[in-house]
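Encoded as structure tokens, the structure appears first; notes follow it.
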Amino acid sequence: MADDTTGGTTGLDAALWRSVAVYRALALVYAAVVIGKNSGGYAHPLGGWAVLAVLTVWTGVATLAYRDPARRGWPLLAADLAIAFACILTTAWVETAPHIAAGRPTLPVSWVAAAVLAWAVEGGRRVGVTAALVLGVANLLVHAFAGTAGGMGNTTLNGIVLLFLAGLVVGQVVRLAREAEARLARAVELEAATRERERLARRIHDSVLQVLAMVQRRGGEAGGEAAELGRLAGEQEAALRALIGAGLAPGAGDAPAGVPAPRTGTGPERAADLRPLLTGQASAAVTVSTPATPVPVPEHDAHEIAAAVAAALDNVRRHCGDGARAWVLLEDGPGEVTVSVRDDGPGMPPGRLDAAAADGRLGVEQSIRGRVRDLGGTVSIVSAPGEGTEIEMTVPRASAAFKV
Amino acid sequence: MIVSEVPLRVMVVDDHPMWREAVARDLAEAGHEVVATAGEGRTAVRIAAAARPRVAVVDLQLPDISGVEVTRYLAAADPPVRVLVLSASGEQQDVLEAVKAGATGYLLKSAGREEFLDAVRRTADGDAVFTPGLAGLVLGEYRRLAAAPAREDDDAPRLTDRETEVLRLVAKGLTYKQIAQRLVLSHRTVQNHVQNTLGKLQLHNRVELVRYAIEKGLDEED
């Protein structure tokens, strides 16, 4: 039961009550036409005009009163129904018995349904049906008072059933609309809360980043143990920034930053932004540079490229020691994507990679060249002793189309 | 780098008091004159007119108007204030916008004191101060402009092959000195190439703004 549904001042409620008011006004016009047409045959024509006057006045009063949520209560609803009830009953006195027996409508005709609609809007299905039953009783009483109960026709029954259905259907629809509105309001509220939380998180993260950057800067200047603290702060700053970057990127939230594991069940047709997968691998020793706009590639390709970069960075760590720095550059060319990984390590003499592959150490061969080759791309490795190593991977954008 | 050079008039714009003070102290210790500090963008724009700094060190995250807007105002001032963006945020779009709006330098806050002072000095001299991250952003922007559907009066800026080559090396973490060695160029030439990439982008941005203003103006007259 929705009796306790508070009217409130929501847009939906205002619109519903406006609809009832419009119905009431239109029904008044219809009632006026019917009374004007039939008044010649009334037993008491003046009574007919008096009823029309009451209908007109109450239409005005009800329209104004229902507009104000504070006055929209049971006293008003009860008065509404009582007036409808009385206007129906008056028919027994105004109309002649033969007319009533012949199935002429009651004086207010369909105007009384406005009261049923009001009850249904206020209280829902069951309350609407209750109002319809009350007016149904009034219709039956008209026949009882006029002494025409025996000759009661289908018209009266039709009227009662229509009132009943109006109460039922409108009550139900109103309940559904209110539920939908409540759900929408909850969703909007939730969204606002989420946005506020994100705003707070950004502020907090920004403050934390500022402090970490400061610690890193001052620590580096102080040297000694403080330098170590500074280095740690720098690592945390990079990690936190990467995390925020990954969290803000669409679709990247479900992948742990820096761990580009190949996912199963994802079709190559889904596009993913390559940037967060690479910026997630940034650290104090690794700088990642990307364009400002997304670099969409098929999801599978993105993860393969990120894994190749991870392998390259892993290589840097293993062969060049902790002190080595590395730079990752992502470029979005026409029809292809280029990722370069450069380090400032000791570099390698020519032929060293081939020798490693021949020895069965397949690190670079498989994890980088193999991956990129599978994507239809190319890898070039430039290195010389003392000049670091640069790995450049170029992957065509269209590779997905060939694989499907 | 060298403390004994001509002292500079510098303004510091940062909403974190901790950073504002630290940066101002570093500048003062290096012999520069900190003529103004501001924690809000509008204040910065207002007092810059009176303080007449040569260089403004601007954080991008400000409570009222963004650092990008502050940069736009300062770069358009007469005489123009050179803007060095000093930011802890990795918000790439903001950095790119600030550079397009007229900033000539970008440095992460985690950069060391010496690196920072050197950057301020170079910014004052009109040099472009790039990080690898900024070079990546600028490269990406040129690619984006080149890939965008061409209009009839297409005046999108293009990089020369040499400029692209230099910018890629900056993005890969090479110093200007290393780049000069590798490409057999003078340090100054490398510096000029980098600066040109920025100049063309800023000019294009100004042209776009004017074009936008004219289009809007004409629409209103209709």
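The values are calculated or read from the model by the stated rules, or taken from the named source; none is laboratory data. Source: prediction; values computed, not measured. Because the Cβ atoms are built from the backbone with ideal geometry, glycine has one as well, and the counts that use them run over all protein chains shown. With ligands, DNA and RNA removed, areas are computed over all heavy atoms of the protein, side chains included. Shrake-Rupley method; radii C 1.70, N 1.55, O 1.52, S 1.80 Å.
At a glance:
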item: ³J(HN,Hα) computed for each position of the stretch B:198-209 - Karplus, 6.51 cos²θ - 1.76 cosθ + 1.60, integer Hz, glycine/proline x; result: 6, x, 5, 5, 5, 4, 4, 5, 5, 4, 4, 5
item: Dipole magnitude (debye, nearest 20) for the protein assembly as shown, charges at Cβ of Lys, Arg, Asp, Glu; result: 1340 debye
item: Heavy atoms of A:Tyr30: accessible area, 1.4 Å probe, square angstrom to 10; result: 120 Å²
item: Percent of beta bridges antiparallel (DSSP, the protein assembly as shown, rounded to nearest 5); result: 50 percent
item: Cα gyration tensor shape of the stretch B:149-221, rounded if a/c is under 1.5, else prolate or oblate by comparing a/b with b/c; result: prolate
item: Exercise: per-residue mean of other protein chain Cβ atoms within 10 Å, A:285-295; result: 6
item: For the stretch A:11-189: rounded, prolate or oblate by the Cα gyration tensor [a/c cutoff 1.5]; result: prolate
item: Estimated dipole of the stretch A:11-189 in Debye, rounded to 20 [Cβ of Lys and Arg +1, of Asp and Glu -1, Cα centre]; result: 200 debye
item: Residue-normalised accessible area of the protein assembly as shown, given per residue in Å² at a 1.4 Å probe; result: 48 Å²
item: Computed helical MRE - 222 nm, chain B, DSSP H runs ≥ 4 contributing -39500 (n - 2.57), nearest 500; result: -18000 deg cm²/dmol
item: Convex hull volume per residue for the protein assembly as shown, taking Cα atoms only, in Å³; result: 263 Å³
item: Solution diffusion estimate, µm²/s, Stokes-Einstein, the stretch B:9-129, Kirkwood Rh from C-alpha pairs, 20 °C, viscosity 1.002 mPa s; result: 158 µm²/s
item: For B:111-124, mean number of other protein chain Cβ atoms within 10 Å; result: 1
item: For the stretch B:162-190 and the stretch A:178-218, distance of Cα centres in Å; result: 42 Å
item: Hits among lysines - C-alpha to C-alpha of B:Lys216 under 28 Å, sequence gap 8 or more where chains match; result: B:Lys100, B:Lys200
item: Contact surface B-A: accessible area buried, both sides summed, square angstrom, 1.4 angstrom probe; result: 2800 Å²
item: Residues A:Ala144 and A:Ala192, FRET efficiency given R0 of 60 Å [Cβ-Cβ distance, rounded to 0.05]; result: 0.55
item: Chain B: C-alpha gyration tensor shape, a/c 1.5 cut-off, then a/b vs b/c; result: oblate
item: Lys, Arg +1 and Asp, Glu -1 on Cβ, resulting dipole of the stretch B:132-218 about Cα centre, debye, nearest 20; result: 440 debye
item: Of B:Tyr142, B:Tyr106, B:Tyr212, the one that fluctuates the most in a GNM where chain B has Cα springs shorter than 10 Å; result: B:Tyr212
item: For B:59-69, mean number of other protein chain Cβ atoms within 10 Å; result: 1
item: Solvent exposure ordering (accessible area, 1.4 Å, most first) of A:Ser383, A:Ser289; result: A:Ser383, A:Ser289
item: Heavy atoms of A:Met348: accessible area, 1.4 Å probe, square angstrom to 10; result: 30 Å²
item: Alpha carbon centroid spacing (whole Å) that separates the stretch B:95-135 from the stretch A:27-99; result: 82 Å
